[in-house]
Amino acid sequence: MSDQPTTKKTHLSAHLLHALTTISFLVSLSSLTPFLLRTLLTPSTPPHLIGTRSGDLGFVDECVSLVAALGWGVVSDRVGVRLVVGVGFSVVGVAFLGMGVAMREVWQAFLWRVVFALGGSACVAMITALLAQLSPALATKRAHGRQAGFLGFASGVGALVAVFMFLPLPALLEAQTRLDAAGALRTTFLILAGYTLLLGALIVILLPPTPESSSAAPRLPLPSSLSSALLLPLHSRPIALGYLSSALARSSSVLLSLFIPLWANRVAGEGQEGYKLAAELSGVAQLLGLLLAPFVGVLTDHMGRESVTSFSAVIGALGCAVFALVANSNNTHPGPEVWVGASLIGVGLVGVTTTSLGLCTHAREVEAYMRGAVAGVYSLSGGLAILVLTKVGGVLFDRVGPAAPFWLMSGFNVIVAVFGIAVMYLNRWGAPLEGSERASGDVAGEGVEGERRRLLDGDGEEVLGW
């Protein structure tokens, strides 16, 4: 590769802290949404509409994120990752402040969710862009998968911060202070605002600067940059699997952060018991993912990204099926099988999260001039999946039953597992794609670089792929 940036431990640590903080505020807001709808809004949302209204908020969030993530990715290729990260955390902090101070009607809930989506999409996209920026130096140490694994570990810690600190916090404030339920929830959002702004400032200080070689590299026009990143799966099987795995990882996280709390809300009620059951189930799933993430990263460096992706998807499919059977039983006192299902979902989630990051950020697959654009499309694919699951899953939850979203995700896991096996087969015994897998690492990416030169020279001749 043309750029070999110096990678310091502080840069890697800032990258991990960025992932931890981002996941923690994403999971916190998603998990608190059912309680927000019942507690803060006037009039209060009826119980039978909680799932649909939660899906509506998630739908609007993802619609904004889909467009914003692409824009943030391309912008980061021009102004650098660090500036985009700073803007993203600042916007998220403002959104939490608005939720704590000025959210009493339905339209205000949607307004602040849009603001949150603008900042959150920047933070999420830059996790991937940062890994791609660090990738050349990591690849020389065979540490790319390991860093992706530690990102999964950091993401798991962030989710645990959300489910064990911020999700139970309203009930704790209500019990330990004179605040009512609404006041406790508003205070929680103000605490989240301070948490996001303070850690965001620290992360910006510690992040690496934009490599000089990347800043000096020729840049594609905006439409060409986006189209190249969108069409890259035609020339790279790992990128194709990475985009699909991103969709699976993001939608699986919605099961833990939205649909398990919704199910707990229905089974145990919207009071402290609902908070407790939702926090415990999500916490167990995230804890297992936290413990296994570094192991998955090392395993990826040795076994290959595609094989670990398929195995993780199989585990996720089993977990979703088990939880669906439990949710469909309408048992108000669920047995140990509910913990098994949630645990398997968590294990599958950390597996596909780790490998999807590795698939889409490896230096052999992504040139420096389009890393931000690829990160934007990576977030786009995950956002599209969330868009479908939050809207369709929310409606199915209310009209078909609480098991429906879990059956839907079980099928999606199976699709990704089969696709990963197909990619492994084609990589080993099929013809190589033009502009993709090469026999020698020295010529890896020539097809993509050639595509850049053709676009810059105005020659748009199509390169055949699949």
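The values are calculated or read from the model by the stated rules, or taken from the named source; none is laboratory data. Since the model is a prediction, treat every value here as computed from it, not as a measurement. For neighbour counting, all protein chains shown are included, and Cβ atoms are generated from backbone atoms with ideal geometry for every residue, glycine included. Surface accessibility is based on the protein's heavy atoms, side chains included, excluding ligands, DNA and RNA. Shrake-Rupley method; radii C 1.70, N 1.55, O 1.52, S 1.80 Å.
When Leu291 is tested against the conditions (1) open to solvent by 10 Å² or more (accessible area, probe 1.4 Å); (2) farther than 23 Å from Gly158 by Cα, the lone failure is (2). Selection within segment 339-379: residues that are within 30 Å of Phe323 (Cβ to Cβ) and of a type in the set (Phe, Trp, Tyr). The member of this set that is most open to solvent (accessible area, probe 1.4 Å) is Trp339.
Regarding segment 416-425, can at least one residue be identified that is at pLDDT 85 or above, open to solvent by 40 Å² or more (accessible area, probe 1.4 Å), aromatic (Phe, Trp, Tyr) and under 17 Å from Gly58 (Cβ atoms)? Scanning segment 416-425 turns up no residue that is at pLDDT 85 or above, open to solvent by 40 Å² or more (accessible area, probe 1.4 Å), aromatic (Phe, Trp, Tyr) and under 17 Å from Gly58 (Cβ atoms).
Cβ contacts < 7 Å: first residue within 15 Å of Ser253 (Cα to Cα), restricted to segment 395-414; second residue of a type in the set (S, T, N, Q), any location; separation 6+ or different chain. Result? Sorted first by the residue in segment 395-414, then by its partner, the pairs are Met409/Ser251; Met409/Ser252; Phe412/Ser251.
When Ser44 is tested against the conditions (1) part of a helix (DSSP H, G or I); (2) open to solvent by 10 Å² or more (accessible area, probe 1.4 Å), the lone failure is (1).
The combined condition, being open to solvent by 10 Å² or more (accessible area, probe 1.4 Å), in contact (Cβ under 8 Å) with a residue 24 or more places away in the chain, outside any helix (DSSP H, G or I) and among the basic types (Lys, Arg), is fulfilled by Arg104. Just to check your reading of the model, which residue among Gly372, Gly358, Gly376 is under 14 Å from Thr128 (Cα atoms), touching a residue at least 40 places away in the same chain (Cβ under 8 Å), of a type outside the set (Lys, Arg) and touching a His at 6+ places or on another chain (Cβ under 9 Å)? Answer to the check: Gly358. Taking segment 63-88 as the range and being under 16 Å from the mean Cα position of the chain (by Cα) and touching a residue at least 40 places away in the same chain (Cβ under 8 Å) as the test, the residues that pass are Cys63, Val64, Ser65, Leu66, Ala68, Ala69, Leu70, Trp72, Gly73, Val85, Gly88.
Give just the number: which of (1) open to solvent by less than 40 Å² (accessible area, probe 1.4 Å); (2) within 26 Å of Tyr378 (Cα to Cα) does Trp263 not satisfy? Just one mismatch for Trp263, condition (2). Based on what the data block shows, is Ala162 more than 21 Å from Gly242 (Cα to Cα), under 22 Å from the mean Cα position of the chain (by Cα) and open to solvent by less than 10 Å² (accessible area, probe 1.4 Å)? Taking the combined requirement at face value, the residue satisfies it.
Residue-by-condition table, conditions (1) assigned to a helix (DSSP H, G or I); (2) farther than 30 Å from Glu273 by Cβ; (3) small (Gly, Ala, Ser); (4) open to solvent by 30 Å² or more (accessible area, probe 1.4 Å):
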site: Val91; (1), (2), (3), (4): yes, yes, no, yes
site: Leu111; (1), (2), (3), (4): yes, yes, no, yes
site: Gly119; (1), (2), (3), (4): yes, yes, yes, no
site: Ile127; (1), (2), (3), (4): yes, yes, no, no
site: Ala154; (1), (2), (3), (4): yes, yes, yes, no
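Taking the criterion of being farther than 18 Å from Ala95 by Cβ, over 23 Å from the mean Cα position of the chain (by Cα) and open to solvent by 50 Å² or more (accessible area, probe 1.4 Å), the residues of segment 168-207 that qualify are Leu172, Glu174, Ala175, Gln176, Thr177, Arg178, Leu179, Asp180, Ile205. In this structure, Ser13 qualifies as modelled with pLDDT of 85 or more, more than 26 Å from Leu387 (Cα to Cα) and not β-branched (Val, Ile, Thr).
Only residues that are open to solvent by 20 Å² or more (accessible area, probe 1.4 Å) and modelled with pLDDT of 85 or more were counted across segment 382-392, and they come to 1. Would you point out the residue of segment 264-287, among those that are closer than 19 Å to Cys320 by Cα and charged (D, E, K, R), that is modelled with the lowest pLDDT? Ranking the qualifying residues of segment 264-287, first place goes to Arg266. Can you say whether Ala125 is within 26 Å of Ile205 (Cβ to Cβ) and under 19 Å from the mean Cα position of the chain (by Cα), as far as the supplied structure shows? When the stated conditions are applied, Ala125 passes them.
Within the span defined as segment 368-390, one or more residues are part of a helix (DSSP H, G or I), aliphatic (A, V, I, L, M) and over 20 Å from Glu62 (Cβ atoms). Here Thr39 does not qualify as at pLDDT 80 or above, in contact with a Cys (Cβ under 7 Å, 6 or more places away or on another chain) and of a type outside the set (Phe, Trp, Tyr). Leu222 meets all of the listed conditions (1) open to solvent by less than 20 Å² (accessible area, probe 1.4 Å); (2) at pLDDT below 85 but one, namely (1). Do the conditions hold for Ser31, that is, is it at pLDDT below 85, touching a helix residue (DSSP H, G or I) at 6+ places or on another chain (Cβ under 8 Å) and either open to solvent by 20 Å² or more (accessible area, probe 1.4 Å) or not in a helix (DSSP H, G or I) (or both)? Answer is no for this residue. Residues being under 19 Å from Leu384 (Cβ atoms), of a type outside the set (Val, Ile, Thr) and in a helix (DSSP H, G or I) are represented in segment 305-318 by at least one member.
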